[in-house]
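Working notes, structure below.
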């Protein structure tokens, strides 16, 4: 099985628990694609927002993510089923991605997902491009027949209610995580995600 691991806003393919998950899946003889999507510099964005009250993303736009995905990722996944594991903003990108491209998902694992403003200016300014269009949720539910939404009970950015709303819109199975924060830097390993991956390739706990 192929796995696609996607990071979030201002993120890195080498951040959080992504390299660890990549290594663990490779040990299980799975193929992993872990792209670096176009992102802006957090310090530059924050400074400009403070000085002008506005910030227009230079790199992290839905158009740029589409362009990068089409040129560097699509050919690697379009001819067979794959599983996507995505964190923070990238679940919103996945909904856009399956709506635009002809892909065949086995399942998706959404970590701290959202498709609405969070009430945090720096993130709302740069993220809104990814969810300012109306989604066809009925169609998305057909394209992503199986998914899990990991919801932290103390996420400082994505409230439980916002993540639950995301999950409900696509009939995603909700899994609540205590003390997870935003489930990014607080974890350099994430065994729960790995176990979910194993269940999709028939290696879960008996």
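Descriptive notes on the structure:
- Site pair residue 47 and residue 71 shows an inter-label distance of 2.7 nm when each label is modelled 7 Å from Cα along Cα→Cβ.
- Using alpha-carbon coordinates, inclination of helix 62-72 to the longest axis of the chain, degrees: 40
- Diffusion coefficient, µm² s⁻¹, Stokes-Einstein with Kirkwood Rh over alpha-carbon pairs of the stretch 1-62 at 25 °C and 0.890 mPa s: 184
- Cα-based helix-to-principal-axis angle, 42-52 vs the chain, degrees rounded to 10: 30
- Chain lengthening between residue 23 and residue 120 when straightened (0.36 nm per residue, less Cα-Cα): 31.6 nm
- Two-site label geometry, residue 63 and residue 132: point separation in nm, points 7 Å out along Cα→Cβ: 1.1
- Helix 18-27 vs. the chain, principal-axis angle (Cα, 0 to 90°, nearest 10): 10
- Spatially, the stretch 114-159 and the stretch 160-206 are offset by 14 Å when compared through their Cα centroids.
- Diagonalising the gyration tensor over the Cα atoms of the stretch 148-206 and scaling each eigenvalue by 5 before taking the square root yields semi-axes of 21, 16, 7 Å, largest first.
- Sum of -39500 (n - 2.57) over DSSP H runs of 4+, divided by residues of the chain (222 nm, nearest 500): -11000 deg cm²/dmol
- Packing here is the average count of other Cβ atoms within 10 Å per residue, and on that basis the peptides 91-99, 182-190, highest first, run 91-99, 182-190.
- For the peptides 40-47, 106-113, 143-150, the ranking by mean Cβ contacts within 10 Å, running from highest to lowest, is 106-113, 143-150, 40-47.
Bear in mind these aren't lab numbers, they're just calculated from the coordinates by the rules spelled out. Remember, it's a predicted structure, so these values are computed and weren't measured experimentally. Note: ideal-geometry Cβ built from the backbone for every residue, glycine included; neighbour counts use all protein chains shown.
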